[in-house]
1. Quick check on residue 51: is it farther than 30 Å from residue 215 by Cα, of a type in the set (Val, Ile, Thr) and either out of contact with any Leu (no Cβ under 9 Å at 6 or more places or on another chain) or more than 16 Å from ligand 2 (Cβ to nearest atom) (or both)?
2. Looking at (1) hydrophobic (A, V, I, L, M, F, W, C); (2) closer than 15 Å to residue 118 by Cβ; (3) within 14 Å of ligand 1 (Cβ to nearest atom), can you tell me which one residue 280 breaks?
3. Tally time: how many residues in the range 236-267 are open to solvent by 20 Å² or more (accessible area, probe 1.4 Å) and more than 16 Å from ligand 2 (Cβ to nearest atom)?
4. Applying the selection to the range 39-58, what residues are surrounded by 15 or more Cβ atoms within 10 Å (Cβ to Cβ) and outside any helix (DSSP H, G or I)?
5. With respect to residue 273, is the statement that it is farther than 24 Å from residue 79 by Cβ, polar (S, T, N, Q) and in contact (Cβ under 8 Å) with a residue 12 or more places away in the chain true?
6. Please indicate, with yes or no, whether at least one residue in the range 72-81 is open to solvent by 20 Å² or more (accessible area, probe 1.4 Å) and either assigned to a strand (DSSP E or B) or within 16 Å of ligand 2 (Cβ to nearest atom) (or both).
7. Return the only residue of 118, 174, 147, 161 being free of Cβ contacts under 8 Å to residues at least 40 places away in the same chain, under 19 Å from the mean Cα position of the chain (by Cα), away from ligand 2 (no atom under 16 Å from the Cβ) and assigned by TED's automatic domain parsing to the domain that holds residue 311.
8. So how many residues does the range 53-70 have that are closer than 21 Å to residue 217 by Cα and modelled with pLDDT of 95 or more?
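The values are calculated or read from the model by the stated rules, or taken from the named source; none is laboratory data. All figures in this text were calculated on a predicted structure; none of them were measured in a lab. Cβ sites come from the backbone with ideal geometry, for glycine too, and all protein chains shown count toward neighbours. With ligands, DNA and RNA removed, areas are computed over all heavy atoms of the protein, side chains included. Shrake-Rupley method; radii C 1.70, N 1.55, O 1.52, S 1.80 Å.
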Amino acid sequence: MKSGATKGEIDGVVRTVEQLGFRAHVMPGATRTAIGITGNPGMLDPTRFETLDGVFEAIRVSKPYKLITLDLQPDRTVLRVGDATIGSEELAIIAGPCAVESREQTFAVAEAVQSSGARFLRGGAFKPRSSPYDFAGLGEEGLEILAEAREAFGLKIVTEALDAPGVDLVEQYADVIQVGARNMQNFTLLRRVGKSKLPVLLKRGIAATVDEWLLAAEYIMSEGNYQVVLCERGVRTFAQHTRNTLDLGAIPAIRRISHLPIVVDASHAAGKSHLVGPLARAGVAVGADGVMVEVHNNPDAALCDAAQALTPKQYLKMVQEIRGIHRLLADTRDD
Ligand code: PEP
Ligand code: MN
C-alpha cells in the first residue's frame, strides 16, 4: 500500500482479495502496510490490484515462501511484547535456565537476568529430552513459577510448547511460545501456534536447510500470526568439538531474504560453557537481532544441559561483551 494509505483503503483491498476466494494477510510495517495474498491456485494478474485505491504496487512473489519475504514486506518485523522488542535497534537478550527446576532456582537466575538489563526470561516447563528417563520438566507447575517470576522481575517469558495441549497452557502463562528444534517441521504444531495471539520463537531444526526453516515460519504466518522470530541454534555436522555447528552464515543469508528478526542460541550450539561467550559474540557480529543463552545459579546441579550453562557471573560478562559489539556495529548495519 502507499505509505499514507487509509484503513478504508486497506479494508477495500482485503475485501477484494476475499471476494476472489483468497486469504489477505495485512502486515503493517514502519513505512507502509503490505497485504499478502495466499490461497490462490495459480498466478494472479498484478494489474487487477494495482488499480485499487491506496495500492502502491502489486508484486508477484515467485518463491515457495511469500509472507516471510522482504519482497512482500520490505520493512523489518519488530516483535513486540509489551514494551520489550526483538528486531528493533535494541539487542534482545533471552536468558534463563534450560529447565525450570524450582521456584528458588528460577528466581535466582531471573535476578541475574533482570540485573543484566535483559527483557526476556527463558526456561522450559516441557522439555524434549533424547532419553525418556531424563527430567522432562515440571509441566504446568513450571509455567506457574515462570509467571510468578514475570511478576516479580518484570521479565517477559519465553517457553517451549511440545504439542497443542502444551500451547493451550503456555498461552495462559507466558509471553512468547517457543517451537523447539525437534518440532520445527511438526506442521500441526506450526499451524496451531499460527492461530495463537502470542509471538512465536521458531528454532531451526537439527538438520534443516534454511529454506525448510523459512517454510516452517511461513506455515505459522499463513495462519495469520506474523509475530515470528527465528532462532539459529546450530545444526548437526561431523564436528565433535561443539554440540552443534552454529551456522553463522545463515544469519546474513536470511537477512537478505526475510524481514523476520533472528536471534542466535549460543548455548545449544556450544554444548560447553566456555564456548558460549565466543559464539554469542560471533552471532551478534554477523547481524543477529538478539541472543538466547542458558544460565544456571548452580550449573553443577542443573537437571538439564549442565555443561553449557553459564553462571550468573559468566553471563553478565557475556552481556557486556555482546552489547559492546552490538553498539560498535549499530551504525554499520546495512539494512
Ligand atoms: C531449549 O531451548 O530448551 C531447547 C530444547 O533447544 P532446541 O530445541 O534448540 O534443542
Ligand atoms: Mn537446553
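1. So residue 51 fits the description; yes.
2. Tallying (1) hydrophobic (A, V, I, L, M, F, W, C); (2) closer than 15 Å to residue 118 by Cβ; (3) within 14 Å of ligand 1 (Cβ to nearest atom), residue 280 fails exactly one: (3).
3. The number of residues fulfilling the criteria is 14.
4. Matches in the range 39-58: 44, 52, 54, 55, 58.
5. yes
6. Looking through the range 72-81, at least one residue is open to solvent by 20 Å² or more (accessible area, probe 1.4 Å) and either assigned to a strand (DSSP E or B) or within 16 Å of ligand 2 (Cβ to nearest atom) (or both).
7. From the options 118, 174, 147, 161, the qualifying one is 174.
8. Going through the range 53-70, the residues closer than 21 Å to residue 217 by Cα turn out to be 59-70.
Now restrict to residues that are modelled with pLDDT of 95 or more: 65-70.
Within the range 53-70, residues that are closer than 21 Å to residue 217 by Cα and modelled with pLDDT of 95 or more number 6.
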